Amino acid sequence: MAAYSPQADQAGRAQDTGWTGFSVVVPCLNHAPFIVETLDSLLNQGYPNLEILVVDGGSTDGTIEILRRYGDRVRWISEEDHGQSDALAKGFAMTNKEWLTWLNSDDKHEKKVLERVHNVISSNPSADVMVGQGHYIDMEGNYLKPYPTIRVGPDTDVENELFERGYVAQPSVFFKRTAYESVGGVDRTLQFAMDYDLWVRLARNGCNFVGVKKNLSGNRWYETTKTASQALPLLAEVVRVQTREYGRVSPYFTQAISDHLYHVLHSRHHGDQHHILYRTIYFKSVWLWLNAHRPLYCVWGFFTRSIAKSGPIVGDRLTIRDVAGCLLRATQQRFKNIFSKG
């Protein structure tokens with residue numbers, strides 16, 4: 001489909017208002033059921049210095065007809081691309097405001113978000129990246145649960161936080177164009193973890209992160225979202241980023257992978273009896289696999305790192321007593337089965 005853009009260019013508006021300029025790129029492909037809520041969440045902000053650019057990958061589900069109805073309130077293009085990262089890189093290059101973010105075409109911003117971000121930026125003139133809170137929403141836009149987010153503060157090592165945990169509500173993050181360009185922009189070769197990769201490079205490049213404890217965005221969560229349906233490819237890209245940037249993989253993401261493999265390869269077929277024991281075995285195996293190229297770190301972590309019992313996000317660490325109890329119960333069950341057969 002040929003590219004299209006309204007003649008009235010919203011990018012040139014409100015240049016001297018005193019309000020921080022925001023460019024919001026909306027990557028889109030066949031999201032007609034959600035795109036109206038996404039765009040309205042931006043337009044209804046009533047913010048005077050906002051540039052919206054929808055980068056559509058060639059939708060065929062009625063999205064283009066919806067975009068046309070917005071007239072000159074929203075700039076957009078529609079043409080085949082090479083995925084979300086390609087769309088983002090292309091979109092940011094076509095915009096011109098000082099601060100950037102992206103809003104996926106099935107997510108939304110909360111009310112007065114841009115005004116709140118403007119206030120935070122104005123109070124922190126040295127800021128390069130602003131990180132807010134977020135939450136998950138279902139297909140109908142209903143609140144589900146908070147989005148886990150790293151700590152960001154004056155006494156926080158953001159680079160280490162990104163290594164140890166990494167979770168950030170992507171549409172609740174705003175970054176300065178100069179900072180974005182200084183690290184080379186979005187990595188077009190990544191299809192899932194392009195946001196995590198960008199945050200890590202910004203942190204490792206010395207960019208100043210500031211945090212705001214405000215709920216800024218709703219992240220859509222349903223079975224067919226990329227994050228939900230392709231967890232292992234996403235985690236594989238995170239491993240690629242961590243190995244390249246840190247030279248090693250954190251216990252947090254090691255467990256995210258090992259727990260996923262445990263559920264796919266073990267619990268689906270054999271149930272969850274003695275799950276802590278088996279999950280620990282999976283964790284230690286994956287740890288060796290991912291970190292063997294760093295022998296000292298690998299051996300140290302093998303003997304000192306353990307899983308979180310309820311999952312890495314919860315962080316309830318397994319103790320030696322827990323492991324001993326699991327081994328004892330598994331051994332008792334084994335002997336019981338042997339004697340019952342005898």
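Checked against the criterion of being out of contact with any helix residue (DSSP H, G or I) (no Cβ under 9 Å at 6 or more places or on another chain) and either surrounded by 15 or more Cβ atoms within 10 Å (Cβ to Cβ) or free of Cβ contacts under 8 Å to residues at least 12 places away in the same chain (or both), the candidates 268, 220, 240 yield just one match: 268. If the condition is being surrounded by 23 or more Cβ atoms within 10 Å (Cβ to Cβ) and over 22 Å from residue 204 (Cβ atoms), then segment 110-133 contributes 113, 114, 117.
Hey, any hits in segment 64-76 for a residue that's under 24 Å from residue 183 (Cβ atoms) and of a type in the set (A, V, I, L, M)?
There is no residue in segment 64-76 that is under 24 Å from residue 183 (Cβ atoms) and of a type in the set (A, V, I, L, M).
Of the helices (runs of 4 or more DSSP H) that lie entirely inside segment 109-204, those containing 3 or more residues that are closer than 22 Å to residue 236 by Cα and under 13 Å from the mean Cα position of the chain (by Cα) span 194-204.
If you go through segment 328-336 one residue at a time, do you hit one that is modelled with pLDDT of 70 or more, touching a His at 6+ places or on another chain (Cβ under 7 Å) and outside any loop (DSSP other than H, G, I, E, B)? For segment 328-336, residues modelled with pLDDT of 70 or more, touching a His at 6+ places or on another chain (Cβ under 7 Å) and outside any loop (DSSP other than H, G, I, E, B): absent. Filtered by the rule that a residue be touching a residue at least 24 places away in the same chain (Cβ under 8 Å), over 12 Å from residue 249 (Cβ atoms) and surrounded by fewer than 18 Cβ atoms within 10 Å (Cβ to Cβ), segment 278-310 gives 285, 309. Restricting the first member to segment 65-88 and to residues that are in the same structural domain as residue 34 (by TED's automatic domain parsing), and the second to residues that are among the small types (Gly, Ala, Ser) and assigned to a helix (DSSP H, G or I), the beta-carbon pairs closer than 8 Å and six or more apart or on different chains are 66/32; 75/11; 81/87. Here residue 251 meets each of (1) farther than 23 Å from residue 187 by Cα; (2) touching a helix residue (DSSP H, G or I) at 6+ places or on another chain (Cβ under 6 Å) with one exception, condition (2).
Can you tell me which of 105, 85 is crowded, with 22+ Cβ neighbours inside 10 Å and in a loop (DSSP other than H, G, I, E, B)?
Testing whether each residue is crowded, with 22+ Cβ neighbours inside 10 Å and in a loop (DSSP other than H, G, I, E, B) leaves just 105.
The values are calculated or read from the model by the stated rules, or taken from the named source; none is laboratory data. This is a predicted model, so every value here is computed, not measured. As a convention, Cβ positions derive from the backbone with ideal geometry for all residues, glycine included, and neighbour counts pool all protein chains shown.
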